[in-house]
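> For reference, the structure I am asking about is given below.
The values are calculated or read from the model by the stated rules, or taken from the named source; none is laboratory data. Treat the numbers as computed from the prediction; the structure is a model and nothing was measured. Here the Cβ is made from the backbone with ideal geometry for all residues, glycine too, and neighbour counts use every protein chain on show. Surface areas here come from the heavy atoms of the whole protein model, side chains and all, with no ligands, DNA or RNA. Shrake-Rupley method; radii C 1.70, N 1.55, O 1.52, S 1.80 Å.
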Amino acid sequence: MRTHDGSAGDVDYGSLGPGYATYRRPDERIAHVIAQALGDARSVLNVGAGTGSYETEAHAITAVEPSLAMRAMRPARLATAIDAVAEDLPFADVEFDASMTLFSVHQWSDAAAGLREMRRVTRGPVAVLTCDPARVRDFWLYEYAPDVLETEARRYPPLRLLTAALGGTTTVESVPIPLDCTDGFNEAYYGRPELLLDPAARQACSAWSFVDDRARQDFDTSLRRALGSGAWDDAFGHLRGRPTYDGSLVLLRATP
C-alpha cells in the first residue's frame, strides 16, 4: 500500500512537513560508523534514502525513495532518488558494491523481503541502521510518552528477523549517541529534554504521528512540570553530562 505521496510504509511522509530536514541532519559521528561499515565500496545503494542525510561524495550513490515529499527535499547536489520500494528493487543481481538503509527498515511493509532484495543486488556489505525493539522502552521518554515508545517497539522488526533475512555473516554493533547529536530522533535528546518540547522536533520523529493531540499535550504538560519541579533532573539529570548514550540504536553489517 502506498499513500498519495508515494510513501510505502505506515507513515505518510507528505504530512510531516518541510521542517523534517531541519531536525534530521546527519551527525558526523554516526556517519563515521556507517562509513566504516561500507568500507571501500564505490557504488552504494541507499534504500529508503529520504533526504539523503548520510550520503557522501566518497561513494557513487544510487538512492531509492518512494515518498515524493522526501525526494523533493533532497539537496540539488545529491543524485535524484528513484521512485521504488525496498521489496521490489529495479536492479540486476549483485549490481552494487554495498548497500545501506538508515532509519528506514521499520517503515517497510515487509522488512524481510526488502532485505532479501538488498542482499540480491549487493555483492558486498549491507548496512542497516535501526533500533533494537527490545531496548526502545528503556529510554526515559517512556515515563512521559509511553504510547510513543510502545509504537516504536512494535514498528521496529526484531533483530533476529533482520539477521535471518540478510543471511551470510551479520554483526550487530551498538551505536553510541552523542550528547549534541544533530540527527533529531527521540534518543538524540537523551540529555536535552527541553528540546522535545518543540512540536516541530517531535514531528520529525515519525512515532509521534501515531498519537493524537491529547497525548502530545499531556506529554508537553507532564514534562514541563517535571522540568520545572526538578523531578526530571532528580531521576535523569545525570544524562545531561554524559558524552554518549548507549540506547536502542544499532548497526547491522551483513556480508555474503
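> Between a residue in the stretch 153-174 that is under 15 Å from V105 (Cα atoms) and any residue that is assigned to a helix (DSSP H, G or I) and not aliphatic (A, V, I, L, M), which pairs come within a Cβ distance under 7 Å, given they are 6 or more apart or on different chains?
From residues that are under 15 Å from V105 (Cα atoms), the pairs are A153/R137; R155/H106; Y156/H106; P157/H106; A165/R116; L166/R119.
A quick yes/no check of all residues on (1) touching a Pro at 6+ places or on another chain (Cβ under 8 Å); (2) more than 25 Å from R24 (Cα to Cα):
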residue	(1), (2)
A92	no, yes
F96	no, yes
F103	no, no
W108	no, no
G114	no, no
M118	no, no
R123	yes, yes
V126	no, no
R135	no, no
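> Something else now. With a cut-off of at least 3 residues that are in contact (Cβ under 8 Å) with a residue 60 or more places away in the chain, name the strands (runs of 3 or more DSSP E) lying wholly within the stretch 28-139.
Because the criterion is at least 3 residues that are in contact (Cβ under 8 Å) with a residue 60 or more places away in the chain, the strands (runs of 3 or more DSSP E) in the stretch 28-139 that meet it are 98-102, 126-131.
> It is to be established whether one or more residues within the stretch 111-129 are under 26 Å from Y189 (Cα atoms) and out of contact with any Ser or Thr (no Cβ under 8 Å at 6 or more places or on another chain).
Scanning the stretch 111-129 turns up no residue that is under 26 Å from Y189 (Cα atoms) and out of contact with any Ser or Thr (no Cβ under 8 Å at 6 or more places or on another chain).
> Just a yes or no: is a residue in the stretch 243-256 surrounded by fewer than 17 Cβ atoms within 10 Å (Cβ to Cβ) and out of contact with any strand residue (DSSP E or B) (no Cβ under 9 Å at 6 or more places or on another chain)?
For the stretch 243-256, residues surrounded by fewer than 17 Cβ atoms within 10 Å (Cβ to Cβ) and out of contact with any strand residue (DSSP E or B) (no Cβ under 9 Å at 6 or more places or on another chain): absent.
> If a residue must be assigned to a helix (DSSP H, G or I) and in contact with a Gly (Cβ under 8 Å, 6 or more places away or on another chain), how many such residues does the stretch 221-256 contain? Even if it seems obvious, please write down each step before you answer.
Going through the stretch 221-256, the residues assigned to a helix (DSSP H, G or I) turn out to be 221-229, 231-241.
Keeping just the survivors that are in contact with a Gly (Cβ under 8 Å, 6 or more places away or on another chain) gives 239-241.
Residues that pass the stated criteria total 3.
> On to the next question. Within the stretch 92-113, work out how many residues are surrounded by 18 or more Cβ atoms within 10 Å (Cβ to Cβ) and either more than 23 Å from T56 (Cβ to Cβ) or out of contact with any strand residue (DSSP E or B) (no Cβ under 7 Å at 6 or more places or on another chain) (or both).
Residues flagged as surrounded by 18 or more Cβ atoms within 10 Å (Cβ to Cβ) and either more than 23 Å from T56 (Cβ to Cβ) or out of contact with any strand residue (DSSP E or B) (no Cβ under 7 Å at 6 or more places or on another chain) (or both) within the stretch 92-113 amount to 4.
To keep it simple, each residue is scored yes or no on (1) at pLDDT 95 or above; (2) of a type outside the set (S, T, N, Q); (3) at positive phi; (4) crowded, with 23+ Cβ neighbours inside 10 Å.
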residue: D5; (1), (2), (3), (4): no, yes, no, no
residue: A8; (1), (2), (3), (4): no, yes, no, yes
residue: P18; (1), (2), (3), (4): no, yes, no, no
residue: V33; (1), (2), (3), (4): yes, yes, no, no
residue: H59; (1), (2), (3), (4): no, yes, no, no
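> Of everything in the stretch 186-222, what is in contact with a strand residue (DSSP E or B) (Cβ under 7 Å, 6 or more places away or on another chain) and farther than 19 Å from W232 by Cβ? Give them in sequence order.
Scanning the stretch 186-222 gives a single hit, A204.
> Over 28 Å from D246 (Cα atoms), of a type outside the set (A, V, I, L, M, F, W, C), open to solvent by less than 40 Å² (accessible area, probe 1.4 Å) and over 14 Å from the mean Cα position of the chain (by Cα): does that describe S67?
yes
> Could you list, in sequence order, all residues of the stretch 210-220 that are open to solvent by less than 60 Å² (accessible area, probe 1.4 Å) and assigned to a helix (DSSP H, G or I)?
Correct list: A215, F219, D220.
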